[in-house]
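Written below as structure tokens is the structure these notes are about.
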Amino acid sequence: MSAAIVSDLTVNPDAPLGVFDSGVGGLTVVRALRELLPNESIIYLGDTARVPYGSKSPDTIRRFAMEDTQFLTGQGVKAVVVACNTATAHALPQLQATFRVPILGVLEPGVEATLAGGCERVGIIGTAGTIRSHAYQHMLAMRQPDLQIHARATPLLVPFIEEGWTEHPALESVLMEYLQPMLDRGIDTLVLGCTHYPLLVPVLRRLLGDSVRLVDSASTCAHRVKDALMAQGIVRTSVSAPILEIYLTDLSEQAEALAASFLGSEFGRVRKASLAG
Ligand code: DGL
């Protein structure tokens with residue numbers, strides 16, 4: 001990422017950050033970015049017309065991620081944050097090789113935060129696409145070869161979250177079904193490998209207590225973005241109010257209501273994005 005910024009002398013520090021996800025889950029990253037970098041403008045793209053990405057093939061995920069990034073670069077963003085674990089796992093190298101702006105994903109910050117906390121037995125949950133890519137497992141094992149890793153695809157969680165059932169007893173049963181084998185193996189850390197999952201932190205804390213550390217890729221990613229902007233001197237300095245523009249590829253009342261719950265606050269008009277296919 002550094003090389004790309006350094007070589008691009010035309011980067012305007014006041015340009016917005018671009019952030020995309022398969023749907024509205026990536027707004028957890030936007031929320032974390034706004035807390036940490038309140039003066040940055042952000043353009044968010046949620047591909048609600050084609051969500052979920054987690055069950056799609058790697059080729060399709062890469063094609064969608066390319067189109068999402070193309071949309072954001074067309075809006076003049078200074079950097080792109082891939083706020084989707086599935087898209088990061090399958091498409092990050094291709095995006096970085098194709099586009100001129102710096103592109104950051106959510107996996108590496110998650111891996112760093114996992115290891116920085118000190119751990120011996122790690123559980124990872126994510127979409128089928130993320131877990132099948134072995135990206136987290138590989139990156140963790142490369143950096144800490146003696147780490148015990150228990151990864152599990154947890155495809156039922158996104159539908160529960162999108163339904164707003166984050167406190168539903170049925171969700172607790174599903175979570176325990178997924179997590180019990182990991183708990184039996186004594187995991188000390190659980191990586192929330194999906195940008196939807198920060199909304200599960202309250203129920204997970206209740207179910208797991210303090211014995212298991214939760215690593216949330218949204219906040220760790222925001223810290224990485226801050227470090228990168230500061231290191232390259234492209235932090236926004238303008239004193240005018242920063243903008244937040246939200247584009248979705250399919251507009252519906254449900255998606256907009258869900259977006260507000262992910263962002264944790266109200267926002268202005270949501271616009272419809274048309275992607276170049
Ligand atoms: N937000 C996506 C991720 O972080 C999950 C939703 C999907 O399957 O598209 O992987």
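With the requirement that a residue be more than 15 Å from the ligand (Cβ to nearest atom) and either free of Cβ contacts under 8 Å to residues at least 24 places away in the same chain or within 12 Å of the chain's Cα centre (by Cα) (or both), what does region 207-223 give you? Walk me through it before giving the result.
Taking region 207-223 first, the residues more than 15 Å from the ligand (Cβ to nearest atom) are 207-214, 223.
The answer is G209, D210, S211.
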Among (1) surrounded by 20 or more Cβ atoms within 10 Å (Cβ to Cβ); (2) modelled with pLDDT under 90, the one test that P198 misses: (2)
Scan of region 225-243 for residues that are under 28 Å from Y53 (Cα atoms) and either of a type in the set (K, R) or modelled with pLDDT of 95 or more (or both), ordered by number: V225, K226
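Here is a yes/no grid of residues against (1) in a loop (DSSP other than H, G, I, E, B); (2) away from the ligand (no atom under 12 Å from the Cβ); (3) not aromatic (F, W, Y):
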position	(1), (2), (3)
N12	yes, yes, yes
V51	yes, no, yes
D59	no, yes, yes
R62	no, yes, yes
E67	no, yes, yes
T88	no, no, yes
Q96	no, yes, yes
L115	no, yes, yes
Single residue of A135, A97 found to be open to solvent by 10 Å² or more (accessible area, probe 1.4 Å) and closer than 20 Å to A218 by Cα: A135
Close pairs from region 178-205: first within 16 Å of the ligand (Cβ to nearest atom), partner open to solvent by 40 Å² or more (accessible area, probe 1.4 Å), Cβ under 6 Å, at least 6 apart: Y178/R152
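Each row is one residue, and each column tells you yes or no for (1) among the small types (G, A, S); (2) in a helix (DSSP H, G or I).
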residue: E108; (1), (2): no, yes
residue: G118; (1), (2): yes, no
residue: G123; (1), (2): yes, no
residue: Q137; (1), (2): no, yes
residue: M142; (1), (2): no, yes
residue: D146; (1), (2): no, no
residue: A151; (1), (2): yes, no
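One residue is enough: does region 17-35 have a residue meeting the conditions of a type in the set (F, W, Y), touching a residue at least 40 places away in the same chain (Cβ under 8 Å) and either open to solvent by 50 Å² or more (accessible area, probe 1.4 Å) or over 25 Å from S219 (Cβ atoms) (or both)?
Of the residues in region 17-35, the ones of a type in the set (F, W, Y) are 20.
Of the ones still in play, those that are also touching a residue at least 40 places away in the same chain (Cβ under 8 Å) are 20.
Those still in the list that are either open to solvent by 50 Å² or more (accessible area, probe 1.4 Å) or over 25 Å from S219 (Cβ atoms) (or both) too: none.
No, because not a single residue in region 17-35 is of a type in the set (F, W, Y), touching a residue at least 40 places away in the same chain (Cβ under 8 Å) and either open to solvent by 50 Å² or more (accessible area, probe 1.4 Å) or over 25 Å from S219 (Cβ atoms) (or both).
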Residue in region 52-69 that is in contact with a Leu (Cβ under 9 Å, 6 or more places away or on another chain), open to solvent by 30 Å² or more (accessible area, probe 1.4 Å) and of a type in the set (A, V, I, L, M) present: yes
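Here is a yes/no grid of residues against (1) over 25 Å from R100 (Cβ atoms); (2) in contact with a Pro (Cβ under 9 Å, 6 or more places away or on another chain):
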site	(1), (2)
V19	no, no
S22	no, yes
G26	no, no
I43	no, yes
A49	yes, no
G54	yes, yes
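Among the residues of region 203-215, is any hydrophobic (A, V, I, L, M, F, W, C), within 17 Å of P52 (Cβ to Cβ) and open to solvent by less than 70 Å² (accessible area, probe 1.4 Å)?
As a first pass, look at region 203-215 and keep what is hydrophobic (A, V, I, L, M, F, W, C): 203-204, 207-208, 212, 214-215.
Of the ones still in play, those that are also within 17 Å of P52 (Cβ to Cβ) are none.
Within region 203-215, none of the residues are hydrophobic (A, V, I, L, M, F, W, C), within 17 Å of P52 (Cβ to Cβ) and open to solvent by less than 70 Å² (accessible area, probe 1.4 Å).
What do you reckon, is T166 over 19 Å from V106 (Cβ atoms), polar (S, T, N, Q), within 16 Å of the ligand (Cβ to nearest atom) and in contact (Cβ under 8 Å) with a residue 12 or more places away in the chain?
Yes, satisfied.
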Failed item in (1) within 15 Å of the ligand (Cβ to nearest atom); (2) open to solvent by 10 Å² or more (accessible area, probe 1.4 Å); (3) in contact (Cβ under 8 Å) with a residue 12 or more places away in the chain, with Q148 passing the rest: (1)
Number of positions in region 32-49 that are charged (D, E, K, R) and within 12 Å of the ligand (Cβ to nearest atom): 1
Conditions (1) modelled with pLDDT of 95 or more; (2) closer than 28 Å to Q254 by Cα: number failed by M139: (2)
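The values are calculated or read from the model by the stated rules, or taken from the named source; none is laboratory data. The model shown is predicted, which means the values in this text are computed figures rather than measured ones. Note: ideal-geometry Cβ built from the backbone for every residue, glycine included; neighbour counts use all protein chains shown. All accessible areas refer to the heavy atoms of the entire protein, side chains included, with ligands and DNA or RNA removed. Shrake-Rupley method; radii C 1.70, N 1.55, O 1.52, S 1.80 Å.
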